[in-house]
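Only one structure is covered here, and it is reproduced in the block below.
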Amino acid sequence: MGTQTPRRVLVTGALGQIGSELTLGLKDRYGADNVIATDIQPDTKKKLSSAVPFALLDVLNPESVDAIVQKYKVNTIYHLAALLSAVAEKRPREGWDINMNGLLNVLDAGRANKCSVFFPSSIGAFGPSTPLDGTPQDTIQRPESMYGVTKVAGELLCDYYFKRFGVDTRGVRFPGIISNGTLPGGGTTDYAVEIFYAAIKEKKYFCFLKQGTSLDMMYMPDAIKAAVSVMEADPAKLKHRNSFNVTAMHFTPEMLAGEIRKHISDFTMDYRVDPMRQRIADSWPNYMDDSAALDEWGWKPDYDLATMTADMIRVLGRRHEQGLL
């Protein structure tokens, strides 16, 4: 980063699955005093507020967003506050309001205060008419979920704010995120986290996606790496800037179950398909082509299916033995 101005980072939605771990990763990289965690909910378990400054923030209140950016002299915003796919499908109007108007308020604060803005798009930005195998960086995007609609609109809005107002907007299209830290909050790929808890605690799991459903996935350390790397990338090398495809692995439920059985031999899995989440999953790519991220800012994941599974079972197994799971 050379002699650039030190990053003063604000994270919205910091208590969510990605935000809770990204915040701590940013703290380790930039220092506790330079990372401010915010969420609409209080941090009752002191998960973040014991490590970094924490403040309540409703991203739907533009004055509050602008005030907190000014108060902490923020120059980089990681905007993670959103409703995820399954939740937004049940509450579409609220999904649109939070996902779009929250982003708009953050972009306006970024514009007024000369902040860089990270916006996480998603595999959900694609639809059934998108090429499912090796989904290109630039391709047709016609999602059929409210979550997907807000992600496509968010990508376009970030591009607009960069081109129209010069806001340094950047982002990636995350696949499903697998974490051993925070439970997921209503996404279509949540099974890939739930299955580990079930395997360790009960040695059986009922999957809400059907056999053969292939989806892109990523282990949380790689998600943090992608988010930080794209924001630290040389802007002169960014042709796309927003919504880079990133991925690390793709698999079906039965492939993941098979990998888990290498560690827990008597683990069993059956299926109780959730029609809504299955419909969403069927409209998403089997796997994305992330070569643009490799070419433009050197993206490369550290974990694959085998190494991710081994680490998840090691971490959660130890926690279970300690009575913490």
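The values are calculated or read from the model by the stated rules, or taken from the named source; none is laboratory data. Keep in mind that this is a model prediction, so the values were computed, not measured. Don't worry about glycine lacking a Cβ; one is built from the backbone with ideal geometry, like all the others, and counts go over all protein chains shown.
Applying the selection to segment 293-325, what residues are among the aliphatic types (A, V, I, L, M) and within 19 Å of the chain's Cα centre (by Cα)? Hits for segment 293-325 are 293, 294, 305, 308, 312. List pairs: first residue in segment 308-324 and charged (D, E, K, R), second residue outside any helix (DSSP H, G or I) anywhere in the structure, Cβ distance under 7 angstrom, at least six positions apart or on different chains. Final answer for the pair search is 319/325.
Considering (1) part of a helix (DSSP H, G or I); (2) touching a Leu at 6+ places or on another chain (Cβ under 9 Å); (3) within 30 Å of residue 116 (Cβ to Cβ), the lone condition that residue 300 does not fulfil carries the number (1). Restricting 73, 45 to residues that are over 22 Å from residue 170 (Cα atoms) and basic (Lys, Arg) narrows the list to 45. Is it true that residue 316 is assigned by TED's automatic domain parsing to the domain that holds residue 186, modelled with pLDDT of 95 or more, within 26 Å of residue 148 (Cα to Cα) and assigned to a helix (DSSP H, G or I)? Judged against the criteria, residue 316 is not a match.
In the set (1) out of contact with any helix residue (DSSP H, G or I) (no Cβ under 8 Å at 6 or more places or on another chain); (2) farther than 23 Å from residue 128 by Cα; (3) modelled with pLDDT of 95 or more; (4) among the hydrophobic types (A, V, I, L, M, F, W, C), residue 228 fails one condition alone, (1). When 59, 87, 74 are checked against the criterion of being crowded, with 16+ Cβ neighbours inside 10 Å, assigned by TED's automatic domain parsing to the domain that holds residue 122 and modelled with pLDDT under 95, 87 stands alone in meeting it. One residue stands out in segment 198-226 among those that are of a type in the set (Val, Ile, Thr) and under 18 Å from residue 258 (Cβ atoms): the one that is farthest from the chain's Cα centre (by Cα), namely 200.
In segment 80-97, is there at least one residue being free of Cβ contacts under 8 Å to residues at least 60 places away in the same chain and part of a strand (DSSP E or B)? Taking every residue of segment 80-97 in turn, none turns out to be free of Cβ contacts under 8 Å to residues at least 60 places away in the same chain and part of a strand (DSSP E or B). Evaluate segment 244-264: report whether one residue or more is aromatic (Phe, Trp, Tyr), in contact (Cβ under 8 Å) with a residue 60 or more places away in the chain and under 12 Å from residue 305 (Cα atoms). No; the residues of segment 244-264 include none that is aromatic (Phe, Trp, Tyr), in contact (Cβ under 8 Å) with a residue 60 or more places away in the chain and under 12 Å from residue 305 (Cα atoms).
Restricting the first member to segment 131-156 and to residues that are on the phi > 0 side of the Ramachandran plot, and the second to residues that are among the charged types (D, E, K, R), the beta-carbon pairs closer than 9 Å and six or more apart or on different chains are 134/289. Tell me whether segment 143-154 contains one or more residues that are among the acidic types (Asp, Glu), outside any strand (DSSP E or B) and farther than 21 Å from residue 273 by Cβ. The answer is no; no qualifying residue exists.
Taking the criterion of being at pLDDT 85 or above and of a type in the set (A, V, I, L, M), the residues of segment 169-190 that qualify are 172, 177, 178. Of the residues in segment 14-26, not one is over 16 Å from the mean Cα position of the chain (by Cα), over 15 Å from residue 65 (Cα atoms) and among the aliphatic types (A, V, I, L, M).
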